[in-house]
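S.K.: Right, I'll just put the structure down here and ask away after.
The values are calculated or read from the model by the stated rules, or taken from the named source; none is laboratory data. The structure presented is a predicted model; accordingly, all values stated were derived computationally and were not measured. FYI the Cβ positions are ideal-geometry reconstructions off the backbone, even for glycines, and counts take in every protein chain you see. Heads up: the accessible areas ignore ligands, DNA and RNA and are worked out on the full protein's heavy atoms, side chains in. Shrake-Rupley method; radii C 1.70, N 1.55, O 1.52, S 1.80 Å.
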Amino acid sequence: MALGLLDRTKKILSEEGSIYFPLIRSPEPDEIEAISRAGEIFVEPRKLPDLAPTCPRSVEESIEGKVPEDALRSLPKSYDIVGDIIIIERLLPEAEPYCEEIAKGLLRVHKKAKTVLLKTGKVDGPYRIPVLHLLAGEDRRESVHSEYGIKLRVDLSKAYFSPRLGFERNRVASLVRDGETVVDMFAGVGPFSIMIAKRRRSRVFAIDINPEAIRMMRHNLSINRLIGEVTPICGDASLISSILQNSADRVIMNLPAQSLDFLSAARQFLKRSGGTVHLYLFSGPPPIESAVRNFEARASCVGEYELVNCRVVKPTAPKEWIVSIDAKFKPI
Ligand SMILES: C[S@@+](CC[C@H](N)C(=O)[O-])C[C@H]1O[C@@H](n2cnc3c(N)ncnc32)[C@H](O)[C@@H]1O
């Protein structure tokens with residue numbers, strides 16, 4: 001390199017105890033002598049393979065010169081990756097006309113990704129399924145996502161799934177102890193339930209109202225090796241609470257738009273001796289204070305409790321966040 005001889009477009013090869021360095025020309029005798037000081041060398045004509053073209057390190061780098069400056073400045077700051085699918089939450093008006101170029105740029109940066117989708121509507125309806133529009137790559141919504149040692153097959157057009165809750169699922173799963181009974185009231189394709197049963201000899205009742213989510217959850221149970229037991233239940237969690245009443249040590253409530261409406265059902269699931277509720281809710285500014293205020297207004301009618309933890313999980317819109325609340329309900 002110091003002599004300016006190295007051909008950076010070709011691969012360096014290691015073969016039969018020697019290392020082959022590609023050179024841009026034959027070295028002069030004094031150059032051979034200089035290199036020899038580093039070790040025994042020989043020079044031979046040989047064709048070394050080309051280096052793979054270096055992939056761009058950022059979307060900005062990958063589309064530079066192909067879109068105007070103001071579009072470059074308006075690129076999304078973050079996006080979700082579910083298995084090999086990239087999901088863009090929203091695009092600013094300056095970037096919108098270049099959405100396909102941006103999507104192709106994302107595929108050049110993320111070599112393993114095969115599809116880029118854009119969320120075009122609000123996550124809505126009882127099953128919380130987003131509307132996703134294809135921007136680039138293969139036209140599909142199904143993939144296998146891995147997080148914290150579990151695998152999840154997800155069809156984003158049929159059931160809700162967000163990779164952004166991975167940290168939260170790991171946090172809650174690490175609080176569960178062997179022997180506990182857990183009710184996952186809004187379980188989706190099973191990420192909380194499966195992560196818990198992967199680590200603990202616990203009993204998990206995983207409820208969801210969406211039959212497609214339950215079908216995927218059953219598949220996900222079959223592709224993960226678990227030490228706990230997960231029972232998928234298709235139905236309305238508020239109705240199931242009278243069947244499974246006073247059985248749980250812990251209840252997970254991941255339905256941020258409506259979780260507060262289900263607090264009395266959650267208390268019904270918990271043992272008479274009490275237990276912990278992990279509740280997720282949307283909150284305005286300031287996120288923690290406003291979430292705690294809304295929780296307290298509803299929870300005090302349900303039973304005596306102690307607030308154990310409260311944290312911001314993720315921003316969801318300007319001045320809107322998902323906040324998690326852990327509350328320990330006292331015996332009744
Ligand atoms: C925000 S998603 C959470 C899914 C899952 N916990 C996760 O982390 O991916 C909420 C889920 O609640 C389900 N759901 C909505 N209303 C329900 C109800 N009354 N009873 C049971 N499940 C319900 C939806 O079908 C959806 O899968």
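S.K.: Has region 76-96 got any residue that is open to solvent by 10 Å² or more (accessible area, probe 1.4 Å) and at positive phi?
M.R.: Yes, region 76-96 contains at least one residue that is open to solvent by 10 Å² or more (accessible area, probe 1.4 Å) and at positive phi.
S.K.: Can you confirm whether region 265-277 contains a residue that is within 16 Å of the ligand (Cβ to nearest atom), within 28 Å of the chain's Cα centre (by Cα) and at negative phi?
M.R.: yes
S.K.: Give the residue that is farthest from I41 (Cα to Cα), with candidates limited to residues of region 1-19 that are under 42 Å from the mean Cα position of the chain (by Cα) and not aliphatic (A, V, I, L, M).
M.R.: Only one residue fits best here, namely T9.
S.K.: May I ask you to verify whether V183 is within 25 Å of F295 (Cα to Cα), open to solvent by less than 10 Å² (accessible area, probe 1.4 Å) and among the β-branched types (V, I, T)?
M.R.: Criteria met by V183.
S.K.: Another question, if that's okay. Would you mention how many residues in region 155-172 are open to solvent by less than 10 Å² (accessible area, probe 1.4 Å) and touching a Phe, Trp or Tyr at 6+ places or on another chain (Cβ under 7 Å)?
M.R.: Number of matching residues: 4.
S.K.: Oh, and also: Given the conditions (1) out of contact with any strand residue (DSSP E or B) (no Cβ under 8 Å at 6 or more places or on another chain); (2) in the same structural domain as G105 (by TED's automatic domain parsing); (3) in a loop (DSSP other than H, G, I, E, B); (4) not acidic (D, E), report the number of the one that I41 does not fulfil.
M.R.: (2)
S.K.: For the subset of region 212-245 comprising residues that are of a type in the set (D, E) and more than 16 Å from K158 (Cα to Cα), which member is farthest from the chain's Cα centre (by Cα)?
M.R.: Residue satisfying both the conditions and the ranking: D236.
S.K.: Take E229 and decide whether it is more than 10 Å from the ligand (Cβ to nearest atom) and more than 23 Å from I129 (Cβ to Cβ).
M.R.: yes
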